[in-house]
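K.L.:
Attaching a single structure in structure tokens format; questions to follow.
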Amino acid sequence: MIGLSSIKADIKEFISLAQLKAQSYIVDEDDYSALVHHNFDRTNDFSNGRWIRNLNERIIRKLALRLYEDENGDITKITKEDLTAVKL
């Protein structure tokens, strides 16, 4: 049986992934899905839009910090390390 929290996590994943893609970021969908489900299971913040925006902003900040160190990196590619860095 699929629980309500799993469905909510799936919806958050879909919306937040669409937002990143709309901003031309490239991310592995499986890694991103795992992060969303992992973080959602550990949060008590159930504000859909804010939760998604905050997660994506943390990911983009990690990407920017990584690129500061590696100026030859791809500015559109979100790596598994970027995602792992924002796990709760």
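The values are calculated or read from the model by the stated rules, or taken from the named source; none is laboratory data. These figures come from a predicted structure and were not determined experimentally. When we count neighbours, we look across all protein chains shown, and the Cβ atoms used for this are built from the backbone with ideal geometry, even at glycine. Surface accessibility is based on the protein's heavy atoms, side chains included, excluding ligands, DNA and RNA. Shrake-Rupley method; radii C 1.70, N 1.55, O 1.52, S 1.80 Å.
K.L.:
Can you tell me the accessible area per residue over the chain, all protein chains present, probe 1.4 angstrom, in square angstrom?
P.N.:
66 Å²
K.L.:
Pairs Lys8/Lys80; Lys21/Lys80; Lys8/Lys77: which exceed 18 Å Cα-Cα?
P.N.:
Lys8/Lys80; Lys8/Lys77
K.L.:
Next question, about the same structure. Could you work out how much longer the chain between Asp30 and Arg58 gets when fully extended? Use 0.36 nm per residue separation minus the Cα distance between them, nm to one decimal.
P.N.:
Gain on stretching Asp30 to Arg58: 8.3 nm.
K.L.:
Right, something else. Length gain on complete extension for the stretch Ala85 to Ile15, per 0.36 nm per residue less the alpha carbon to alpha carbon distance?
P.N.:
23.1 nm
K.L.:
Can you tell me the dipole magnitude for the chain around its Cα centre, using point charges on the Cβ only (Lys, Arg +1; Asp, Glu -1), in Debye to the nearest 20? Present the calculation step by step, with values, prior to reporting the outcome.
P.N.:
On the way: 13 positive and 15 negative charges, 84 e Å.
It works out to roughly 400 debye.
K.L.:
Among the complete DSSP H segments of the chain, which ones combine at least 24 Å of alpha-carbon extent along their axis with a mean Kyte-Doolittle hydropathy of -1.0 or more? Each step should come with its number before you reach the end.
P.N.:
Values: long enough: 4-22 (27 Å, 0.45); 48-69 (32 Å, -0.73).
Once both thresholds are applied, what remains is 4-22, 48-69.
K.L.:
Next question, about the same structure. Considering the zone a paramagnetic label at Lys77 would reach in this model (a point 7 Å from Cα along the Cα-to-Cβ line), which residues of the range 25-68 have amide N under 12 Å from it?
P.N.:
Under cut-off, by backbone N: 26-28.
K.L.:
Consider all pairwise Cα distances in the chain and report the whole-number % of them above 20 Å.
P.N.:
31 percent
K.L.:
Turning to a different aspect of this structure: Which of the chymotrypsin sites (Phe, Trp or Tyr not before Pro) found in the range 10-56 are in a DSSP loop and have at most 13 neighbouring Cβ atoms, other than their own, within 10 Å? Working shown, then result.
P.N.:
On the way: sites: Phe14, Tyr25, Tyr32, Phe40, Phe46, Trp51; in loops: Tyr25, Phe46.
Those satisfying the criteria are Phe46.
K.L.:
When only C-alpha pairs under 8 Å and at least 6 residues apart count, what is the relative contact order of the range 22-83, in percent?
P.N.:
Details: 32 pairs, mean separation 34.0, N = 62.
Relative contact order comes out at 55 percent.
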